[in-house]
Each structure stands twice: as structure tokens, then as C-alpha cells.
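S.K.: Just passing along the structure, written as C-alpha cells.
No value in this document is a laboratory result; all are computed from the given coordinates. These numbers were taken from a predicted model, which means no experiment stands behind them. Note that we place each Cβ from the backbone using ideal geometry, even for glycine, and neighbour counts take in every protein chain shown.
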Amino acid sequence: MTLPTKSVAPILVFGWGNPSRGDDALGPLFIERLSAALDDEQASSVEFLTDFQLQVEHALDLVGRSRVLFVDASMRGAAPFQVSTLQPACDPSFTTHAMSPEAVMHVFHQLKGRTPPPCTLLAIRGDCFELGEPPSEAALSNLTQAIAWSQRWLIADQPMTVLHELHHA
């Protein structure tokens, strides 16, 4: 007997962060706002995921995707946000308690024996990460600009080459 296979959306948008730590909420807020901004046709090709942090099991969320957008808050990135193309890489840490997107891609490669789908990191600039604080006004402004960029990224259907051009458009 063959079990039916679950069809997955070709695009995964994965935001992570702690909603109770000020600007660390940017990843989950991004998912909430972008998913609400898309029409039904656009939303049908995108799966949205959110979590407090990346874990080893998230490597399986990459299966069947044509491209992936990872979204997180960044204390060091340029404002309003920074875009980078990711490559699989093993984290030097001794634990898988919290992983980088590159490490998740590396686990995918180890499990599946093939290159993961093209992955992009959207790092939204944040400044205040205090427990119990709401997101700062500056971070929310950066979030709005990041959502506008991501809508163009979704439409462009280009995993890597036009990302920086879209950021400067």
C-alpha cells in the first residue's frame, strides 16, 4: 500500500524569534504580516512557519521546496534589513539547541544526500531585545520595508541573483 504524499508549497518563508523580547519578535511579526498581505493566489504557493529558534528537525521543512526565505531580527545588520544568499555549513557549536539557517541546510544535505533548495536570509535590523518589551518603532519601520521587499522577492521568482537588485530598487 502506498501512502498519499503530502504536497508542499514550493516556497517556504520561515521567521523565528521570541515575541516577548522586543525586536526579537521581528521574525514572527514578519510571518504574521506578510501572510495577511498576500492574496489567495500568492498565498497558495507559500508556506509560512514560525518558531522561537531553528532546530535540527527544521531541515525536513526544506523538503520539496523550490526556494526558502529565512527571516530573523539582527542586532548587527544594516538598517532597514540585509539580504544574503546562504550556503550549507556546519555550526561549530556543540549543541543543536539553536541552529543557524546554514546549519539547517547542512543537516538537510546530510539527511537527503543532495543540495538543499536555494535559501536566502532576510535579517531585519533591531536594537532593543529586552524581555517583556514591545518591538521598537524603528524596528517596526524596518519590518514594513522588509515586507515590501519580500513581496517583490515572491513575485520575482528568482532565488538568488536579483536579491540585491531588489533591495536597492
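S.K.: Under 10 Å, Cα contacts only: if you run a Gaussian network model on the chain, which one of 134, 117, 101 comes out with the highest mean-square fluctuation?
M.R.: Greatest mean-square fluctuation among the candidates belongs to 134.
S.K.: If we count every other residue with Cβ under 9 angstrom of residue 9's Cβ, Lys/Arg +1 and Asp/Glu -1, where does the sum land?
M.R.: Around residue 9, the charge tally is 0.
S.K.: Let me know the shape class of region 11-168, please: from the alpha-carbon gyration tensor, a ≥ b ≥ c as square roots of the eigenvalues, rounded when a/c is under 1.5, otherwise prolate if a/b is greater than b/c, or oblate.
M.R.: Numbers: a/c = 1.61, a/b = 1.15, b/c = 1.41.
Judged from the Cα gyration tensor, region 11-168 comes out oblate (a/c at least 1.5, b/c at or above a/b).
S.K.: Can you run phi through the Karplus equation (6.51, -1.76, 1.60; θ = phi - 60°) for region 18-23 and list ³J(HN,Hα) in whole Hz, with x for Gly and Pro?
M.R.: Values per residue, Gly and Pro as x: 9, x, 9, 10, x, 5 Hz.
S.K.: Further question: Going by how many other beta carbons lie within 10 Å of each one, how would you line up 144, 120, fewest first?
M.R.: Working: 144 13, 120 21.
Taking fewest neighbouring Cβ atoms as first place, the list is 144, 120.
S.K.: OK, next. Between region 10-27 and region 38-81, what is the C-alpha centre distance in whole Å?
M.R.: Measuring centre to centre over Cα atoms gives 8 Å.
S.K.: Could I ask something else about it? Near residue 126, within a Cβ-to-Cβ distance under 13 Å, what is the net charge of the other residues, with Lys and Arg +1 and Asp and Glu -1?
M.R.: -4
S.K.: Go through region 54-68 residue by residue and turn each phi into a ³J(HN,Hα) via Karplus (6.51, -1.76, 1.60, θ = phi - 60°); whole Hz please, and just put x for glycine and proline.
M.R.: 7, 10, 4, 5, 5, 4, 6, 5, 7, 4, x, 8, 8, 6, 9
S.K.: Each residue of region 37-42 in order: what ³J(HN,Hα) in whole Hz does its phi give by Karplus 6.51 cos²θ - 1.76 cosθ + 1.60, θ = phi - 60°, with x for Gly and Pro?
M.R.: In residue order, the calculated couplings are 7, 7, 7, 4, 5, 5 Hz.
S.K.: Report for the chain the percent antiparallel among DSSP-assigned beta bridges with both residues inside it, nearest 5.
M.R.: 25
S.K.: Turning to a different aspect of this structure: Can you tell me the dipole magnitude for region 11-168 around its Cα centre, using point charges on the Cβ only (Lys, Arg +1; Asp, Glu -1), in Debye to the nearest 20?
M.R.: Numbers: 9 positive and 19 negative charges, 99 e Å.
Here the size comes out at about 480 debye.
S.K.: Given H placed 1.01 Å from N in the peptide plane, which residues other than close sequence neighbours of residue 53 have an amide H under 5 Å from its amide H?
M.R.: Distant-sequence amide H within range of residue 53: 17.
S.K.: Once amide H atoms are placed 1.01 Å from N in the peptide plane, what residues at a sequence separation of 5 or more from residue 81, or on another chain, have their amide H within under 5 Å of its amide H?
M.R.: For residue 81, the qualifying residues are 125.
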